[in-house]
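The values are calculated or read from the model by the stated rules, or taken from the named source; none is laboratory data. Treat the numbers as computed from the prediction; the structure is a model and nothing was measured. FYI the Cβ positions are ideal-geometry reconstructions off the backbone, even for glycines, and counts take in every protein chain you see.
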Amino acid sequence: DAKTTQPTSMDCAEGRAANLPCNHSTISGNEYVYWYRQIHSQGPQYIIHGLKNNETNEMASLIITEDRKSSTLILPHATLRDTAVYYCIVNTGNQFYFGTGTSLTVIP
Amino acid sequence: GAVVSQHPSWVICKSGTSVKIECRSLDFQATTMFWYRQFPKQSLMLMATSNEGSKATYEQGVEKDKFLINHASLTLSTLTVTSAHPEDSSFYICSAWTSGGLYEQYFGPGTRLTVT
């Protein structure tokens, strides 16, 4: 079962930062936080993952709270192509259980 | 980057027939592959986990005799939907995991199955 809670939907203006929150209050010490996104009728695309420390790559930044009970995915400059469903996943090992995700709409 | 392919990308079949979907890891060896199902406007649901050379492990509520999974090599897993019915119409997605990677799951593009 999914261990995460995310808002159902969000809007973001093009060019602005998109901040997508995720609650994972029951996360265990060795569980990673992963973020994937899915554009309509495609397979999920990996964005970023982390354990304790904040992470940044060419796509996004991941901010994990000190108690690890929540995290935020930041898309620094959202574009129309970032419109997708974003999934926050907590896992131990290699099995992923997807929650409902956040449908992000980037508005021109 | 790691690439996972699925074939076919879409398929239409008649009720009562069987359909096989292939999932291949193109440039890496996948010790474990996963199969998901996604209905319209819903999230991905994990169906089963397969490890190369061993029987698949099915999630609760997934009929193993209806959804046959074979993971015969480190680069190929197949899902066969037997005696398909219209309620089996869905988007089927596979993913692959390798211990030598960056702990990511690499997802295929999905297969759209329509049973008429």
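Failed condition for B:Val115, given (1) touching a residue at least 60 places away in the same chain (Cβ under 8 Å); (2) under 24 Å from A:Tyr32 (Cα atoms), with all others met?
With (1) touching a residue at least 60 places away in the same chain (Cβ under 8 Å); (2) under 24 Å from A:Tyr32 (Cα atoms) applied to B:Val115, the lone miss is (2).
What are the residues in the range A:59-86 that are within 12 Å of chain B (Cβ to nearest Cβ) and over 13 Å from A:Asn19 (Cα atoms), if any?
The answer is A:Val85, and nothing else.
Filter the range A:90-108 down to residues that are within 14 Å of chain B (Cβ to nearest Cβ) and modelled with pLDDT of 95 or more and give me whichever is surrounded by the most Cβ atoms within 10 Å (Cβ to Cβ).
A:Gly101
Residues that are within 13 Å of another protein chain (Cβ to nearest Cβ) and of a type in the set (S, T, N, Q): list the strands (runs of 3 or more DSSP E) wholly contained in the range B:1-51 that include at least 3 such residues.
B:45-51
Specify the residue that is nearest to B:Gln42 (Cα to Cα); the eligible residues are those in the range A:46-58 that are without any contact (Cβ under 8 Å) to a residue 24 or more places away in the chain and within 14 Å of chain B (Cβ to nearest Cβ).
So the residue we want is A:Tyr46.
Within the range B:89-101, identify whether any single residue is out of contact with any strand residue (DSSP E or B) (no Cβ under 6 Å at 6 or more places or on another chain) and either away from chain A (no Cβ under 14 Å) or without any contact (Cβ under 8 Å) to a residue 24 or more places away in the chain (or both), and answer yes or no.
no
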